[in-house]
Structure formats: C-alpha cells, structure tokens
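The values are calculated or read from the model by the stated rules, or taken from the named source; none is laboratory data. Model, not experiment: these values are computed from the prediction. Cβ placement follows ideal geometry from the backbone for every residue including glycine, while neighbour counts extend to all protein chains displayed. Ligands, DNA and RNA are stripped out before the accessible areas are found, and what is left, the full protein with its side chains, is counted by its heavy atoms. Shrake-Rupley method; radii C 1.70, N 1.55, O 1.52, S 1.80 Å.
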Amino acid sequence: MNILFIGDVVGNPGREAIKLMLPKIKQREKIDFTIANSENAAGGAGLTPDTAKDLLDLGVDVLTNGDHIWDRKEILEAIDKEQRILRPLNYPEGAPGNGSVVMHSKTGAKVGVINLVGRVFMRAVDCPFKAAVREIEKIKAQAPVIIVDIHAEATSEKLALCFYLDGLVSAVCGTHTHIQTADERIFPKGTAYITDLGMAGAFDSVLGRRPEQIIRRFITGLPTRFEMADSNIQLQGVIIGCDEKTGKATSIKRIQEKLT
C-alpha cells in the first residue's frame with residue numbers, strides 16, 4: 001500500500017497545487033490513500049466547510065489539522081458532520097469533531113489516521129503521547145496501518161513521539177512549520193518518520209505569505225496584513241509504503257513537486 005501525506009495546504013495556491021498535481025502524482029506513484037493537513041487552507045488561516053469540501057472532492061481522503069482549526073467559526077458545525085475532517089485528538093474533552101478516523105483505502109484495506117498537536121511553544125493541551133497510545137489501542141484491531149500527524153513546533157517533541165510510538169504505528173509525520181525536512185527514515189520497529197512534511201503553496205514566500213509583509217512586521221513590530229504569495233507553487237510531502245497486514249512501513253520517500 002502506498003500512502004501520500006501532503007504538508008500544510010496554504011491558501012488558494014496550496015489548493016491549486018492539489019487540484020493540478022495530485023491526480024498526476026496518484027497515477028505515477030500508484031497511491032492508494034491520501035492525507036493532507038488543511039489547517040491553513042482557507043486564506044492561510046483555518047478551514048471552512050467549502051475549502052474542506054474542495055480538497056475532499058479533489059481526492060484527499062482525510063484532512064488533518066492543528067492549532068488553527070478553530071480560526072474559522074464556520075468549521076465548528078461541519079467538523080461534527082464530516083468524519084474525514086480531523087482536529088487534534090488531544091484537545092480538551094468537549095471539543096467538537098474527532099481526533100482519529102478509520103477509512104478504506106483504494107486496495108480495500110483500512111487505514112487509521114490520528115491527529116495530534118504538540119505542547120512545546122504552543123497552547124496548553126492534553127498530553128499527545130498518552131492520547132496517542134489510548135487511541136491506538138482503540139483502532140489497532142480495525143486498521144493495522146495507522147498514520148499519525150503530529151502538528152508541533154519543536155523537533156524534539158516530534159522525534160520523541162516517534163521513538164515512543166515505534167512499532168505501534170506505521171508512520172509519524174510532523175506538520176506545522178511549512179518547511180520540509182530531509183530526515184525521513186524508518187525506525188527499528190517499522191515506523192516511518194519525518195520531522196516536517198513541508199507545505200503545498202508558494203515556495204518563494206515566508207511560510208506561504210508575501211515576504212515583504214513578513215519583513216515589515218519583523219522590522220516595525222506593527223500589525224500587518226499577511227497576504228498569500230503566489231510564486232513557485234509546490235506540493236511537498238512524503239509517500240509511505242506500508243505492509244497492509246503488519247502495518248509496518250517498508251519505505252518513505254520525500255516529494256517536492258513544482259507546478260509548471
């Protein structure tokens with residue numbers, strides 16, 4: 001089984017990258033299941049029901065999210081209705097939506113997806129380590145293949161989580177920084193890992209935004225409107241090969257596709 005996991009989709013350029021490049025990647029790489037982090041898909045901050053529907057209709061099977069999931073109030077009702085839209089599992093009890101889902105892949109085998117958010121340099125939430133283990137115990141019988149999105153700032157937290165979950169899940173993939181890392185590997189017990197998947201959006205940017213506006217904010221400290229950049233659009237992520245029966249990763253390959 002081949003699973004494509006796309007980094008943070010940033011604004012309209014990111015959605016355009018999905019629209020124009022995803023079908024080609026799926027065909028070329030024989031992709032059986034697709035995941036994308038969508039927390040910046042609506043104008044660079046948050047997710048709306050319409051942008052979520054667009055991404056799902058374009059062939060993404062599950063949308064993971066992070067600390068910006070509640071930036072658009074419209075998502076509050078939709079996230080309870082659409083199981084393919086996840087929010088971090090380790091948000092406090094009572095938060096709308098779900099932090100995991102089990103779906104059928106193209107091969108017919110089931111894939112579990114768990115969405116977590118980190119705590120280092122981020123808002124206070126429940127422990128992602130303990131939350132992950134509890135959820136794995138719930139869904140492991142349904143789906144040997146389990147993919148984890150750890151949406152976190154600190155590399156140390158992401159790496160520690162993979163050591164903790166090695167052998168329990170198929171892959172631990174980091175999101176949030178929008179900068180793709182070159183540390184993909186498979187851990188000793190069969191869990192694939194990358195610190196950050198990168199993003200789908202304008203590569204000639206600061207995290208998808210126009211550089212001049214970000215620079216102005218750093219220099220002046222004044223509130224500044226951040227608009228989407230639109231130069232050098234790319235789609236970044238990884239393709240994870242998994243054994244459907246054991247759930248162990250057999251390969252992990254970074255992708256960085258440029259829209260031409």
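Which residues, taken from the stretch 164-195, are assigned to a strand (DSSP E or B) and more than 17 Å from the chain's Cα centre (by Cα)?
If the condition is that a residue be assigned to a strand (DSSP E or B) and more than 17 Å from the chain's Cα centre (by Cα), then 166, 185, 186 are the ones that fit.
Starting from residues that are closer than 16 Å to residue 3 by Cβ and within 14 Å of the chain's Cα centre (by Cα), keep the ones in the stretch 111-149 and report whichever is surrounded by the most Cβ atoms within 10 Å (Cβ to Cβ).
Across the stretch 111-149, the extreme among qualifying residues is 115.
Are any residues in the stretch 14-30 open to solvent by less than 10 Å² (accessible area, probe 1.4 Å) and over 12 Å from residue 55 (Cβ atoms), and if so, which ones?
Within the stretch 14-30, the subset open to solvent by less than 10 Å² (accessible area, probe 1.4 Å) is 14, 17-18, 22, 25.
The answer is 25, and nothing else.
When both residues are 6+ apart or on different chains and their Cβ atoms are under 6 Å apart, which pairs have a first residue that lies in the stretch 88-103 and is aromatic (Phe, Trp, Tyr), and a second that is surrounded by fewer than 22 Cβ atoms within 10 Å (Cβ to Cβ)?
Listed pairs, sorted by first residue: 91/125.
Mind listing just one residue for me: the one in the stretch 210-229 that is out of contact with any Asp or Glu (no Cβ under 9 Å at 6 or more places or on another chain) and assigned to a loop (DSSP other than H, G, I, E, B) and, of those, nearest to residue 22 (Cα to Cα)?
Filtering first and then ranking leaves 227.
Restricting attention to the stretch 240-254, and to residues there that are within 17 Å of the chain's Cα centre (by Cα) and open to solvent by 10 Å² or more (accessible area, probe 1.4 Å), which single residue is nearest to residue 168 (Cα to Cα)?
Of everything passing the filter in the stretch 240-254, 252 is nearest to residue 168 (Cα to Cα).
Of all residues in the stretch 85-97, which are out of contact with any helix residue (DSSP H, G or I) (no Cβ under 6 Å at 6 or more places or on another chain) and surrounded by fewer than 18 Cβ atoms within 10 Å (Cβ to Cβ)?
Those that are out of contact with any helix residue (DSSP H, G or I) (no Cβ under 6 Å at 6 or more places or on another chain) and surrounded by fewer than 18 Cβ atoms within 10 Å (Cβ to Cβ): 92, 93, 94, 95.
In the stretch 77-134, what count of residues is obtained for those that are among the β-branched types (Val, Ile, Thr), in contact with a His (Cβ under 9 Å, 6 or more places away or on another chain) and within 20 Å of residue 164 (Cα to Cα)?
Initially, the stretch 77-134 is screened for residues among the β-branched types (Val, Ile, Thr), giving 79, 85, 101-102, 107, 111, 113-114, 117, 120, 125, 133.
Checking which are in contact with a His (Cβ under 9 Å, 6 or more places away or on another chain) leaves us with 111, 117.
Still in the list and also within 20 Å of residue 164 (Cα to Cα): 117.
Qualifying residue count for the region: 1.
Out of 114, 146, 150, which single residue is over 24 Å from residue 10 (Cα atoms) and modelled with pLDDT of 95 or more?
When all the criteria are applied, what remains is 146.
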